[in-house]
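Let me begin by presenting the structure, written as structure tokens, before commenting on it.
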Amino acid sequence: MLATSNLNSISKSYDRFGTLQEQLTSGKKIDRPSDDPVAATKGMFYRSNVEEVGQYKRNLSELYVWMENSETGLDQTNSALQRVRELVIHGKNGTNSPSDQKAVAAEIGQLKEAVAALANTKVAGKYIFNGTYIDQPPIGMTEAPKLTLDFHSDSYEIPVSDGVKIKANIDPTNIFNEGLFGTLENIENKLNGEDSEGKSFDDLLNELDQHLEAISNERAELGARYNRLEMVDSRLSHQEIVANKILSSNEDIDFEKIIVDLKTQESVHRAALSMGARIIQPTLMDFLR
Amino acid sequence: MSSTFFGLETARRGMVSQQGALYVTGQNIANANTPGYSRQRVNLVQTTPFPAPGWNRPEIPGQLGTGVEAGSIQRIRDSFLDVQYRGENNKLGYWKTLDENYKKLEEIMNEPSETGLANTIDKFWQSLQDLAANPKSDGARAVVSQRGMAVAETFSYLANSLNSIKSDLETEISVTKSQIDSIAEQIANVNKQIGDVEPHGYLPNDLYDERDRLIDELSSLININVEYEDSGGNASKMAEGQAVISLAGGPVLVSGDTAFTDMDLNQVSIGKLQALIHAHDDVYPQMIADLDNLAYTIATQFNKVQSDAGLPPFFDVPEPKAQVVFIVDNTSSMGDELENVTDNLEELAGKLTGDGIESTFGLVTFGQDGEPGGSPNKNPLTTDINDILSKLNTVLKEDEKNLAEPGLEAIMEAINYNLDSSDGVKEFVLITDAPVYVEDDEQSEYSISEVIDALAEHGIKLHVISKSDNGQLRPLANQTDGKFLNIDSETFDDDLYNSIKLDIRKGYADQMEIGQPDFESDPSDETSNNPSDELGDGNTTNILNLLDVFDGKFDYDLSGDVSDFRSYYQSVIGKMAVDSQQSGRLSGNSDMLRQAVEERRMEVSSVSLDEEMTNLIQFQHAYTAAARMITVQDQLLDKIINGMGTVGR
């Protein structure tokens, strides 16, 4: 009877060893949900949380691509239009000869095509200035210098959080509209000595200024959105850290504690084994003649 | 005057008894390690003293003791501890088996982990998010279809594994039943052998030990009561008798030398068998039903979003169909209940149509107003509830209320519709206010259990709508998994409707699949059901709507409470975890208790070599002393015979 109860105690000690070893090798407090049901269900929730935050961060990088490229596009359009403005001021000087005017007109023609090409900016296979119609170029340039405009202005939105979406594109019809290309064509025509809808150089300069202001406004709006994006980014980074921290504190073991427990259990085990040996061995028979 | 050899005989008796005691000690030592062995001891009693009182007694001083004899050889065993042990063993059998099965369940579900269902769904969600950011990317679309397939495959794999364990349990249940039968037969055999020995006045200790060992083994399988009956004949007062083993509060399993092996063991409470039955009937089916709920709801909601956008369905969900047969008591006694019944049936049909469930109805009417032998009236199947309702209004002749009717014949007639499972789930509804004729009262050729077996064979659920005190009909509902509802209730159509809905989605998780055409074809294919197909290829509204399904709140288990996918799944896993933890804890506790009783039992009955050694010395010395006594008697006799009357020799 002593032998059996001894054996039972020793095997219970092995059980405890087994649990500690399992925890040490897996690094997790729980091996199966029944070890701690509350931690298990919370663990499932936190895991999903961590995955979600990670995914939203990936979406953010997509947003960055859009916005930064839109910004670059607008910037270059701005530079092109500024150059046009300089050329107009230079060209409306009555002292130029017609061939000089024609040279200026040619340069303006090129700048117009450059702006059109900017409107057709393609990033990672997507046209960023055509609303949600991302596989259609907004400006048909096959019959250059004649341009066919086909812009869509709907919002291209990307989710960054539960139910929260941020618009990634700008409204291209604010910038690359008939008005802009009309103005550029008129300037070109006027310099070439052709009909320009009866507008004077000053009228055309005013129109140019309006277009430049439109670009400026759009850039401001984009800038504001970009700031918001950065705020969301920093919030998500913080969330990611917190989510991982909670997940870890819920499930992961405390290495030092487990190792100390193991050492303690080991010495208890050795003591049990040695005591057991001393108790069950001697019987009366050893002492009788 | 006592006899010459009186002292010799006394000493001889001493020697023999001590020798017997030594043999018993030797037996104990030899069996020190035999499992189930109870140590034996000799009861030494004095033999009858001389002389017996009477008229003709010799006038000698006092009554002389005449020595010792071994009265009986008894085993040391506390039967109360046996009862306690069997009780604890029984509980241990139940909890341990239940615990093992829960552990298997947890291993299959594998949560929380990187490879469980929750993670697969998360990855699917991520792929949809990526698609929302890149709607026209071929890569993103391919990933969505792959991850969707992974979700369907995971559901299917889980349901499949659970089903296969469930059928393993069936095998285990039948093996356990054979085990119980076999042990019962062995006990009956031992009973017989004991019955052969005891009437001679002997105590067959080894047979008792064997019988107790068998009963211990049996106790872990089922909950039993043990009683003992006299063997008769010249049995000793310490004889234990024949064991009569009965299931707790129930039928007898072993009586004397007969074992009743054809028991309905499904009525047992506690024990390993009960745990297996519980796991097979409740634990695993519940988890499978939960998976069905999850899979079906996700699939139908996804498909709804797709169809709202004019796209083909994402998941392959079979059309919901139901075949409902009403078996109605059509006698005059039903007069006051008929209106309520028709209202309910009409509402039921309305609900089914409203949910898009294609339903076929059947009607079998029965009732002879108390005259047996009439046959039920089977109507053709129809999809229009009004056909059924119009036929219900024909009422037979006036008669007394609540006489029994040939309902069982009507049910068997309904089975003859030979409904095919591929045409929808099969639900029968028995509507009557009276009891039915059964085989026992000789008014019917069927018994209730025959009808239940026939229904089970065809996979049909029978609901019973009747008066609440009609206990006869309850087993028909309970044992076919149907509901027993009150005929006067205004809302029994709700219960029927819920039952039909739950049945329709049964087994869906196992067959869950992505819809055709196959995603592996060109994703820009016009007929593809990829969720990003939309006018305006950057338009992500449809994808965002699909993402909302994950967060949307639906009534997953038709209980009236809504929750979103993750919460529902977490609650399912949480419940499983809590139940598993409980059975683990109780299993540990039962084990400890059983061990404690076992130790106390061993304290009483097991062989202590120290004690046997001491006894050995004791008996050995007594034997030597008795032998010395014989020598003394011998010398005395020698003196008498050879030394007296030799004067002058």
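The values are calculated or read from the model by the stated rules, or taken from the named source; none is laboratory data. All of these numbers come straight from a predicted model, not from anything done at the bench. As a convention, Cβ positions derive from the backbone with ideal geometry for all residues, glycine included, and neighbour counts pool all protein chains shown. These accessible areas exclude ligands, DNA and RNA; they are computed on the full protein's heavy atoms, side chains included. Shrake-Rupley method; radii C 1.70, N 1.55, O 1.52, S 1.80 Å.
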When the residues of the range A:137-154 are filtered to those that are out of contact with any Ser or Thr (no Cβ under 8 Å at 6 or more places or on another chain) and crowded, with 16+ Cβ neighbours inside 10 Å, which remaining residue is farthest from the other protein chains (Cβ to nearest Cβ)?
A:147
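If a residue must be without any contact (Cβ under 8 Å) to a residue 24 or more places away in the chain and under 32 Å from the mean Cα position of the chain (by Cα), how many such residues does the range B:226-242 contain?
First pass over the range B:226-242, keeping only residues without any contact (Cβ under 8 Å) to a residue 24 or more places away in the chain: B:227-228, B:230, B:237.
When the remaining residues are screened for being under 32 Å from the mean Cα position of the chain (by Cα), the result is B:227-228.
Of the residues in that region, 2 qualify.
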On the basis of being in a loop (DSSP other than H, G, I, E, B) and either open to solvent by 70 Å² or more (accessible area, probe 1.4 Å) or of a type in the set (A, V, I, L, M, F, W, C) (or both), does residue B:58 make the cut?
no
Restricting attention to the range B:597-623, the residues that are more than 10 Å from chain A (Cβ to nearest Cβ) and in contact (Cβ under 8 Å) with a residue 40 or more places away in the chain number exactly 6
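Can residue B:480 be described as of a type in the set (Val, Ile, Thr), under 29 Å from the mean Cα position of the chain (by Cα) and surrounded by 18 or more Cβ atoms within 10 Å (Cβ to Cβ)?
Details: of a type in the set (Val, Ile, Thr): yes; under 29 Å from the mean Cα position of the chain (by Cα): yes; surrounded by 18 or more Cβ atoms within 10 Å (Cβ to Cβ): yes.
Against the criterion (of a type in the set (Val, Ile, Thr), under 29 Å from the mean Cα position of the chain (by Cα) and surrounded by 18 or more Cβ atoms within 10 Å (Cβ to Cβ)), residue B:480 qualifies.
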Complete set of residues in the range A:155-196 that are out of contact with any Lys or Arg (no Cβ under 9 Å at 6 or more places or on another chain) and open to solvent by 50 Å² or more (accessible area, probe 1.4 Å)
A:162, A:163, A:164, A:165, A:173, A:174, A:178, A:194, A:195
Restricting to the range B:97-135, name every residue that is part of a helix (DSSP H, G or I), more than 11 Å from every other protein chain (Cβ to nearest Cβ) and of a type in the set (S, T, N, Q).
B:97, B:101, B:120
Residues in the range B:31-41: is at least one touching an Asp or Glu at 6+ places or on another chain (Cβ under 9 Å) and among the aromatic types (Phe, Trp, Tyr)?
yes
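Is it true that some residue in the range B:141-160 is of a type outside the set (Val, Ile, Thr), at the interface with another protein chain (Cβ under 10 Å from one of its Cβ atoms) and closer than 30 Å to residue A:168 by Cβ? Even if it seems obvious, please write down each step before you answer.
Kept after step one, since they are of a type outside the set (Val, Ile, Thr), are these residues of the range B:141-160: B:141-142, B:145-150, B:152-153, B:155-160.
With at the interface with another protein chain (Cβ under 10 Å from one of its Cβ atoms) added as a condition, the list becomes none.
No, the range B:141-160 contains no residue that is of a type outside the set (Val, Ile, Thr), at the interface with another protein chain (Cβ under 10 Å from one of its Cβ atoms) and closer than 30 Å to residue A:168 by Cβ.
Picking from B:321, B:237, B:272, which residue would you name as being of a type outside the set (Gly, Ala, Ser) and closer than 30 Å to residue B:560 by Cβ?
Values: B:237 fails: closer than 30 Å to residue B:560 by Cβ; B:272 fails: closer than 30 Å to residue B:560 by Cβ.
It is B:321.
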Among the candidates B:54, B:67, B:62, B:71, which residue alone is more than 14 Å from chain A (Cβ to nearest Cβ), out of contact with any helix residue (DSSP H, G or I) (no Cβ under 9 Å at 6 or more places or on another chain) and under 30 Å from residue B:22 (Cα atoms)?
B:71
Among what's in the range B:582-595 and is in contact (Cβ under 8 Å) with a residue 24 or more places away in the chain and facing chain A (nearest Cβ under 10 Å), pick the residue that is surrounded by the most Cβ atoms within 10 Å (Cβ to Cβ).
B:583
Based on this model, can you work out whether residue B:641 counts as open to solvent by 40 Å² or more (accessible area, probe 1.4 Å), without any contact (Cβ under 8 Å) to a residue 12 or more places away in the chain, facing chain A (nearest Cβ under 10 Å) and β-branched (Val, Ile, Thr)?
no
The number of residues in the range A:31-60 that are at the interface with another protein chain (Cβ under 9 Å from one of its Cβ atoms), within 17 Å of the chain's Cα centre (by Cα) and not acidic (Asp, Glu) is 5
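Can you tell me which residues in the range B:562-573 are open to solvent by 10 Å² or more (accessible area, probe 1.4 Å) and within 7 Å of chain A (Cβ to nearest Cβ)?
Our first condition is that a residue be open to solvent by 10 Å² or more (accessible area, probe 1.4 Å); within the range B:562-573, this holds for B:562-564, B:566-568, B:570-572.
If the condition is that a residue be open to solvent by 10 Å² or more (accessible area, probe 1.4 Å) and within 7 Å of chain A (Cβ to nearest Cβ), then B:566, B:570 are the ones that fit.
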For the range A:71-80, indicate whether the set of residues that are more than 14 Å from chain B (Cβ to nearest Cβ), part of a loop (DSSP other than H, G, I, E, B) and open to solvent by 60 Å² or more (accessible area, probe 1.4 Å) is non-empty.
no
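Working carefully through the options B:23, B:37, B:94, B:85, find the one that is within 13 Å of chain A (Cβ to nearest Cβ) and of a type in the set (Ser, Thr, Tyr).
Values: B:23 fails: within 13 Å of chain A (Cβ to nearest Cβ); B:94 fails: within 13 Å of chain A (Cβ to nearest Cβ); B:85 fails: within 13 Å of chain A (Cβ to nearest Cβ).
Among B:23, B:37, B:94, B:85, only B:37 is within 13 Å of chain A (Cβ to nearest Cβ) and of a type in the set (Ser, Thr, Tyr).
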Can you find even one residue in the range B:210-224 that is within 19 Å of the chain's Cα centre (by Cα), assigned to a strand (DSSP E or B) and of a type in the set (Ser, Thr, Tyr)?
no
Just need a number here: residues in the range A:198-246 that are among the hydrophobic types (A, V, I, L, M, F, W, C), farther than 18 Å from residue A:172 by Cβ and over 25 Å from the mean Cα position of the chain (by Cα).
4
